Amino acid sequence: MALTLNQNYLRAFVGENQLEAIRPEIEAAKATLTQKSGRGNDFLGWLDLPIAYDKDEFAKIKRCAKAIQESCDIFVVIGIGGSYLGARAAIEFLYGQSYNALSKKTPAVYFAGNNIDSSALSDLLSICEGKDVCINVVSKSGKTTEPAIAFRVFREYLEKRYGKEGMKNRIYVTTDARKGKLKELADAEGYETFVVPDDVGGRYSVLTAVGLLPIAVSGADIDKMMAGAAAMRETLLSAPYAENPACQYAAIRNLLYRGGKKTEIFVSYESAMVMLAEWWKQLYGESEGKEIKGIFPASVTFSTDLHSLGQYIQQGERTLFETVLIPRESNASIPIPCDPDDIDSLSFLEGKNLHEINMTAFKATALAHNDGGVPNLVLEFDRRDETAFGELVYFFEFACGVSAYTLGVNPFDQPGVEDYKNNMYALLGKPGEEHAARRAELEKRILK
Ligand code: PA5
């Protein structure tokens, strides 16, 4: 198996006896997940997705991705939360943060509708000027405010540029198969549509059209991605507890949490994984953070953040642990050049590869953080490619289900995200009696 869980930097904190003691709970949680008998079990479509995905839809994704590649310079993906994080994580994981600057044969991919930031949207519209643009609006519910606003702005923009008929071939909609405002609009206007399956929630949807269309547009091989996820699924379903990385990860997280480690920091040593960390934060934060429970998911990129948050991690509150993602091989090779004058006194590094130095930074940091009382779990994988992305996605989703059931919460709902939305609708004057009553009450509080 390409993905392995290295516990070398954890042993001082979690003993074999503890891992054995929690085993029955983890095995029960795994059974609840795989037998689909727990809370939220109508959102388990992602479990079999790597082998049971809709092959016609998959072929359509590839066809449309090709058409998009041929007809635009810029592809704008409009969506928020689970409707954009996976696609963005994949594209950056594969090509790095400079994909848009470096991509020559495939369109630049920008993301909109994941905030209400007028400057960001205005900048993106400026970037689009003089370029051919296609858009993909992604919303399972079809009614989320942030993407709906961005979509309205882009529809107006595309109509001005291409006319009502011309814009039709430039709009791709990913939403529910039957219901929602977005579905109604897409059907009425004749836009190409893709389906978010009923039984797959937003944060588990990257391996559906939600993630796969933008990922395919970037030129990635989505067959390899599904194969990576399928191989991981096979391992996690069959491997016994001690050899099952998802069960081990879920066990370790729960043991550390019970021992007072309330914050988990996702650590990577490559900026290409910044968005993977954002995707992971949503997955674990929304799945576990409820009923006044749950590990707070945070993230850092080292060695950059060793010069900022590193101080806190080394010596601040001892409530942290780290999960470190390490590729065995780097996607690029830069040897340290020779300088006969050794002006910078760095000649002792001459000839070494930058990745080797980065990996030394990892070992040095893990040991220092261990000494400071911070356990480190290390996930090692071969290299940043489509197969690894598929493996990692499935690994984290499966482990999240097992971990959340062990914690005793429903991993597949997110009741808490409604509160800010209801307040916002009320304050913005959305029609409806319930909004009006809430508005009066909220305005009183604001004025106080
Ligand atoms: O995980 C989730 O369910 C959420 O993050 C949603 O993906 C997010 O709120 C966007 O919802 P929608 O796709 O309905 O616009």
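Could you work out the relative contact order of the chain? I mean the mean sequence separation of Cα pairs under 8 Å and 6+ apart, divided by the number of residues, in percent. Numbers along the way, then the final one.
Values: 727 pairs, mean separation 106.1, N = 448.
Across the chain, relative contact order equals 24 percent.
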Sorted from largest down, what three extents in whole angstroms do the Cα atoms of the range 148-206 have along their principal axes? 37, 19, 17
Would you mind pulling out the separation of the Cα centroids of the range 185-213 and the range 79-107, in Å? 18 Å
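With an 8 Å cut-off on Cα pairs and a minimum separation of 6 or more residues, tell me the relative contact order of the range 138-210 in percent.
Details: 82 pairs, mean separation 23.6, N = 73.
The normalised contact order for the range 138-210 reaches 32 percent.
What's the Cα-based Rg to Rh of the range 320-378, Rh via Kirkwood?
On the way: Rg = 14.7 Å, Rh = 13.3 Å.
Taking Rg over the Kirkwood Rh, I get 1.11.
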So if I average 1/r over every pair of distinct C-alpha atoms in the range 185-330 and take the inverse, what Kirkwood radius in Å does that give? 18.0 Å
Cysteines having no other Cys beta carbon under 4.7 Å from their own, within the chain: Cys64, Cys128, Cys247, Cys338, Cys400
Which three lengths, in whole Å and largest first, does the range 267-373 cover when its Cα atoms are put on their principal axes? 62, 30, 20
Selected from Lys140, Lys36, Lys183 as most flexible by GNM, with the chain as the system and alpha-carbon contacts under 10 Å: Lys36
Residue order, fewest to most beta carbons within 10 Å, for Cys72, Cys338, Cys247: Cys338, Cys72, Cys247
To the nearest 20 Debye, how big is the dipole of the range 45-159 about its Cα centre, given +1 on the beta carbon of each Lys and Arg and -1 on that of each Asp and Glu? 300 debye
For the table Lys66/Lys160; Lys55/Lys168; Lys105/Lys131; Lys105/Lys224; Lys181/Lys421, the rows whose alpha-carbon distance is greater than 22 Å are Lys66/Lys160; Lys55/Lys168
Compute a Gaussian network model of the chain, connecting alpha carbons closer than 10 Å, and tell me which residue from Ala148, Ala89, Ala437 fluctuates the most. Ala437
Give, rounded to the nearest 20 debye, the magnitude of the charge dipole that the range 383-448 has about its Cα centre when Lys and Arg contribute +1 at Cβ and Asp and Glu contribute -1 at Cβ. 460 debye
Among Glu291, Glu433, Glu418, whose mean-square fluctuation peaks in a Gaussian network model of the chain (Cα, cutoff 10 Å)? Glu433
If you split all Cα-Cα distances of the chain into 20 Å bins from zero, what percentages do you get per bin, shortest first? 23, 53, 22, 1
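Once a ≥ b ≥ c are taken as the square roots of the eigenvalues of the Cα gyration tensor of the range 47-178, is the result rounded (a/c under 1.5), prolate (a/b larger than b/c) or oblate (a/b not larger than b/c)? Could the numbers behind the result be given before it?
Working: a/c = 1.33, a/b = 1.24, b/c = 1.07.
It is rounded, given that a/c, with a ≥ b ≥ c, falls under 1.5.
Please report, ordered by residue number, every helix of the chain (full DSSP H runs) that is 18 Å or longer along its axis going by C-alpha atoms and whose mean Kyte-Doolittle hydropathy reaches -1.0. Walk me through the intermediate numbers first.
Numbers: long enough: 55-71 (24 Å, -0.89); 145-168 (26 Å, -0.89); 222-238 (24 Å, 0.45); 245-258 (19 Å, -0.01); 274-288 (21 Å, -0.45); 354-371 (26 Å, -0.09); 386-407 (31 Å, 0.86); 433-447 (22 Å, -1.14).
The qualifying helices are 55-71, 145-168, 222-238, 245-258, 274-288, 354-371, 386-407.
Treating only the Cβ atoms of Lys and Arg (+1) and Asp and Glu (-1) as charged, compute the dipole magnitude of the chain about its Cα centre; round to the nearest 20 debye.
Details: 50 positive and 61 negative charges, 268 e Å.
Magnitude of the dipole: close to 1280 debye.
Quick one: grab the alpha carbon gyration tensor of the range 84-137, order the square roots of its eigenvalues as a ≥ b ≥ c, and give me rounded if a/c is under 1.5, else prolate or oblate depending on whether a/b is larger than b/c. Don't jump to the answer; show the numbers that get you there.
Details: a/c = 1.86, a/b = 1.21, b/c = 1.54.
In terms of gyration-tensor shape, oblate.
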Rg/Rh for the range 289-341 to two decimals, with Rh computed the Kirkwood way over all alpha-carbon pairs. 1.17
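Only Cα pairs under 8 Å and at least 6 apart count here; give the relative contact order of the range 157-307 as a rounded whole percent. Intermediate results must be reported in sequence, preceding the final value.
Numbers: 126 pairs, mean separation 21.9, N = 151.
After rounding, I find 14 percent.
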Relative counts (whole %) of C-alpha pair distances in the range 360-432, using bins that are 5 Å wide: 3, 11, 11, 10, 12, 15, 12, 10, 7, 5, 3, 1
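Only the coordinates and a few stated rules stand behind these numbers; no lab work does. Please read these numbers as outputs of a predicted model, since none were measured by experiment. Note: ideal-geometry Cβ built from the backbone for every residue, glycine included; neighbour counts use all protein chains shown.
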